[in-house]
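What follows is a set of notes on a single structure, which appears directly below.
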Amino acid sequence: MSNFFDNIPEIKFEGKDSKNPFAFKYYDPKRVIMGKTMEEHLPFAMAWWHNLGANGVDMFGRGTADKSFGQTEGTMEHAKAKVDAGIEFMKKLGIKYYCWHDVDLVPEADDINETNRRLDEISDYILEKTKGTDIKCLWGTANMFGNPRFMNGAGSTNSVDVYCFAAAQVKKALDITVKLGGRGYVFWGGREGYETLLNTDVKLEQENIANLMKMAVKYGRSIGFTGDFYIEPKPKEPMKHQYDFDAATAIGFLRQYGLDKDFKMNIEANHATLAQHTFQHELCISRINGMLGSVDANQGDPLLGWDTDEFPCNVYDSTMAMYEILKAGGLTGGLNFDSKNRRPSNTYEDMFHAFILGMDTFALGLIKAAELIEDGRIDNFIKEKYSSYETELGQKIRKGETTLEELSNKALELKKPENPISGRQEYLEGVINNVLFRG
Ligand code: XUL
Ligand code: CO
């Protein structure tokens with residue numbers, strides 16, 4: 001094993017009174033909550049691009065963190081050093097999954113044949129290095145937004161040649177996902193959208209995206225991929241309008257093109273807030289449609305309007321997220337930290353602090369969400385709020401067995417309805433605070 005992180009100990013659970021910066025305060029992998037261990041509830045994953053790639057570069061300045069891992073960046077030696085560092089990092093934290101884009105794993109060559117050869121080589125190397133460990137791929141994806149060829153989109157491009165490159169990248173990324181035992185395959189439509197309708201045929205673009213996805217499903221199933229495909233909605237950035245605006249939009253798209261049996265949602269917290277939704281809203285919409293698959297765990301900043309990809313620290317949000325995930329019966333995917341250290345947090349120690357923070361935030365969220373469900377006040381209130389639908393007429397409405405005439409007659413008979421019962425928002429917010437802070 002490599003020794004990039006020699007001065008950092010294995011991260012263990014020490015409990016809430018520990019002040020050890022290199023220990024979990026809440027994430028206790030073997031603790032059982034609602035019949036499953038914490039590690040079963042929380043399949044944490046490392047995002048290859050942020051953790052092993054991002055060095056803090058921004059529009060105004062160069063990188064602040066050294067992610068060379070002793071090699072020259074852009075070489076296969078560097079790609080392999082990232083594998084070594086990633087595995088060492090995951091082992092120290094007890095993380096079992098990783099997620100990647102094709103070009104996070106290897107430097108992209110000018111000729112796609114050479115890129116594919118590199119992907120074969122690196123995936124062999126990953127398999128060799130993870131042999132005998134329980135580290136596996138959570139999901140893979142193709143980066144169809146970075147290369148200039150995708151400037152007008154990938155599935156939505158105006159160029160048939162570029163569309164072929166998108167297809168080739170998806171095909172290869174699916175091959176590698178299956179080879180690495182991935183649980184899922186993600187489509188995030190980074191350039192699938194537009195800047196202006198003056199130059200865009202939206203119908204053609206959306207149909208082409210759907211056809212690319214259909215080909216991916218057909219090919220994936222033919223090579224033995226049994227996992228879920230995911231759409232990761234995001235409303236904007238990089239494009240002004242992105243087609244997969246939010247979960248409701250993406251679900252509608254999947255149903256329109258008959259893709260809903262093979263696809264679920266990969267919900268990212270920061271994308272939810274960019275769409276002016278809460279994280280919980282997006283998880284809830286996915287859950288009630290049977291399409292909650294995986295989560296990109298991060299958070300945005302309410303004062304900034306872009307995708308800051310911060311490590312999650314907000315326990316209120318993680319509690320409500322875990323509440324939805326528990327109600328969905330868990331995830332088919334996992335919790336991928338699509339999160340990066342802040343630019344001045346530029347040491348290896350900071351990489352560990354970030355994951356400890358994120359993992360503890362979701363562990364606390366899980367503990368508190370289970371308490372909320374066991375407490376019952378929220379669920380009972382919601383049941384009571386809709387209790388009029390338990391009556392005979394309410395049941396008929398629910399089953400779609402009433403007519404407008406029948407309901408109109410009932411209204412005329414009543415003359416004036418009683419006010420519906422109070423929404424009790426402030427009481428319910430107090431219940432949440434009580435469960436969160438009673439110790
Ligand atoms: C971009 C984003 C991506 C996807 C995978 O905002 O979240 O990294 O998760 O392409
Ligand atoms: Co993401």
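Share of the chain's accessible area from carbon and sulfur, percent, 1.4 Å? Let's see the in-between values first.
Values: 11160 of 21300 Å².
Result for the chain: 52 percent of the exposed heavy-atom area is carbon or sulfur.
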Between the alpha carbon centres of segment 376-401 and segment 149-199 the gap in Å comes to 44
Suppose R0 equals 30 Å. What FRET efficiency, 1/(1 + (r/R0)^6) with r the Cβ-Cβ distance, do THR133 and GLU14 give to the nearest 0.05? 0.80
For q values of 0.27, 0.29 Å⁻¹, compute log₁₀ I(q)/I(0) with the Debye formula on a Cα-only model of segment 106-170, without solvent. -1.19, -1.28
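Using the Kirkwood radius over Cα pairs, work out the Stokes-Einstein diffusion coefficient for the chain at 37 °C and 0.692 mPa s, in µm²/s as a whole number. Before the final figure, lay out each step's value.
Numbers: Rh = 23.5 Å.
Answer, rounded: 140 µm²/s.
If contacts are Cα pairs under 8 angstrom and at least 6 residues apart, what is the relative contact order of segment 300-439 in percent?
On the way: 89 pairs, mean separation 36.3, N = 140.
Answer for segment 300-439 is 26 percent.
Looking at the chain, send over the antiparallel percent of its DSSP beta bridges, to the nearest 5. Numbers along the way, then the final one.
Details: 6 of 34 bridges.
Restricted to the chain, the bridges split so that about 20 percent are antiparallel.
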Write down Rg/Rh for segment 124-281, rounded to two decimals, with Rg from the C-alpha atoms and Rh from the Kirkwood relation over Cα pairs. 0.98
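About its Cα centre, how strong a charge dipole does the chain have in debye, to the nearest 20, once Lys and Arg get +1 and Asp and Glu get -1 at the Cβ? Please report the intermediate quantities before stating the final value.
Values: 52 positive and 65 negative charges, 165 e Å.
For the chain, the charge dipole is close to 800 debye.
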The helix 404-414 Cα axis meets the longest alpha-carbon principal axis of the chain at an angle in degrees, between 0 and 90 and rounded to 10, of 50
Backbone N within segment 335-370 under 18 Å of label point (7 Å from VAL32 Cα along the Cβ vector): 367, 370
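In nm, what is the difference between 0.36 nm times the number of residues separating ASN409 and ARG221 and their Cα-Cα distance?
Values: separation 188, 0.36 × 188 = 67.68 nm, distance 5.40 nm.
Result for the pair: 62.3 nm of gain on full extension.
Determine the alpha carbon to alpha carbon distance for each of LYS19/LYS136; LYS92/LYS136; LYS80/LYS131 and list only those over 22 Å.
Details: LYS19/LYS136 31 Å; LYS92/LYS136 15 Å; LYS80/LYS131 15 Å.
Violating the 22 Å limit, Cα to Cα: LYS19/LYS136.
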How large is the accessible surface of ARG221 in square angstrom, using a 1.4 angstrom probe and rounding to the nearest 10? 90
Of PHE437, CYS137, ALA45, which is farthest along the charge dipole of the chain in the positive direction, counting Lys and Arg as +1 and Asp and Glu as -1 at C-beta? PHE437
With respect to the cross-link table entries LYS96/LYS129; LYS171/LYS261; LYS82/LYS218; LYS67/LYS234, which display a Cα-Cα separation exceeding 22 Å? LYS82/LYS218; LYS67/LYS234
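Taking the square root of 5 times each eigenvalue of the Cα gyration tensor, what semi-axes in Å does the equivalent ellipsoid of segment 378-437 have, largest first?
On the way: eigenvalues 210, 39, 9 Å².
They are 32, 14, 7 Å, listed largest first.
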Taking r as the C-beta separation of THR402 and TYR316 and R0 as 41 Å, the FRET efficiency to the nearest 0.05 is 0.55
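How many percent of the alpha carbon pairs in segment 61-108 exceed a separation of 14 Å? List each step's numbers first, then the result.
Numbers: 651 of 1128 pairs.
Looking at segment 61-108, the distances longer than 14 Å represent 58 percent of pairs.
Under 8 Å for C-alpha pairs, at least 6 residues apart: give me the relative contact order for the chain, rounded to a whole percent. Don't skip to the end; give the middle numbers.
On the way: 708 pairs, mean separation 64.0, N = 439.
Across the chain, relative contact order equals 15 percent.
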Computed helical MRE - 222 nm, the chain, DSSP H runs ≥ 4 contributing -39500 (n - 2.57), nearest 500: -14000 deg cm²/dmol
Given 0.36 nm per residue, what is the gain on full extension from ARG377 to TYR389 after removing their alpha carbon distance, in nm? 2.4 nm
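The values are calculated or read from the model by the stated rules, or taken from the named source; none is laboratory data. Being a predicted model, the structure only gives us computed values, none of them experimental. Glycine gets a Cβ as well: all are built from the backbone with ideal geometry, and neighbour counts include every protein chain shown. Heavy atoms of the whole protein, side chains included, go into the accessibility calculation; ligands, DNA and RNA do not. Shrake-Rupley method; radii C 1.70, N 1.55, O 1.52, S 1.80 Å.
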